[in-house]
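What follows is a single structure, written as structure tokens, with notes after it.
What follows is calculated from the coordinates using simple rules that are stated; it is not laboratory data. No experiment lies behind these values; they were computed from the predicted model shown. Here the Cβ is made from the backbone with ideal geometry for all residues, glycine too, and neighbour counts use every protein chain on show.
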Amino acid sequence: MPRVKSNQTKEVSFKLNGQSVSGKATPRLLLSDFLRHQIGATGTHVGCEHGVCGACTILLDGQAVRSCLTLAQQVDGSRLDTIEGGKDTEEILRVLRLSFKEHFALQCGFCTPGIVMTLVDYFRHYESASEKQIRELIGGHLCRCTGYTPIIKAALDAAHKLRTLKQAAAVENGG
Ligand code: FES
Ligand code: FES
């Protein structure tokens with residue numbers, strides 16, 4: 001089997017929030033570092049760098065993953081969505097932003113991109129959410145500022161807002 005040198009780079013190309021991007025990555029480069037330092041997508045935060053805090057959560061081919069537990073070279077040819085947003089996540093992100101603001105669901109904001117991307121993943125698949133579901137969803141994220149209650153309130157409010165928007169769109173389209 002051919003050996004790969006630790007400094008041997010590989011071109012990695014993928015869609016980031018709907019835009020084609022590429023960069024060079026060594027075999028051990030973490031996706032979180034690749035996004036921030038090479039691609040310049042600094043919205044994704046890095047906390048623990050070992051999968052515990054959830055700050056680095058992004059969507060990889062539509063699924064929420066820890067970008068600090070993913071190697072940059074693994075995402076060649078994939079579709080990534082981050083807090084910076086794109087067409088696919090635009091409306092959910094706009095609504096979440098508003099709900100987070102209205103419910104004071106962030107203070108330092110360090111945990112926020114990861115929590116928001118976990119919620120984006122959920123709201124892309126489901127219309128409604130109970131408090132229990134939201135608690136379970138954000139159970140994989142650490143927030144040292146808010147005490148979580150405002151985040152839960154914001155998420156429930158966003159679910160309500162998104163449902164209302166969907167119903168209004170259905171009425172408009174005669175559905
Ligand atoms: Fe990835 Fe903490 S930085 S989980
Ligand atoms: Fe500061 Fe969550 S708002 S860690």
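Remarks
- Ratio Rg/Rh [Cα only; Rh per Kirkwood] for the chain: 1.02
- Contour excess over end-to-end distance, with Cα ends at Asn7 and His125 and 0.36 nm allotted per residue: 38.5 nm
- Hits among aspartates and glutamates - C-alpha to C-alpha of Lys10 under 12 Å, sequence gap 8 or more where chains match: Asp76
- For the chain, DSSP calls about 90 percent of its internal beta bridges antiparallel.
- Taking Cα centre as origin and charging only the Cβ of basic (Lys, Arg, +1) and acidic (Asp, Glu, -1) residues, the dipole magnitude of the chain rounds to 380 debye.
- Highest average packing first - 147-158, 77-88, Cβ atoms within 10 Å: 147-158, 77-88
- When the trypsin sites (Lys or Arg not before Pro) in the stretch 1-63 are filtered for DSSP coil states and for at most 13 other beta-carbon atoms within 10 Å of their beta-carbon, the remaining sites are Arg3, Lys5, Arg28.
- Packing here is the average count of other Cβ atoms within 10 Å per residue, and on that basis the peptides 52-59, 64-71, 128-135, highest first, run 52-59, 64-71, 128-135.
- Dipole of the chain, positive direction: furthest Cα of Phe34, Gly47, Thr9, with charges on the beta-carbon: Thr9
- Think of the stretch 90-172 as having a plus end and a minus end, set by charges on the Cβ of Lys, Arg, Asp and Glu; of Val116, Ser128, Leu142, Leu142 sits farthest toward the positive end of this dipole.
- Placing +1 on the Cβ of every Lys and Arg and -1 on the Cβ of every Asp and Glu, with nothing else charged, gives the stretch 90-172 a dipole about its Cα centre of roughly 180 debye.
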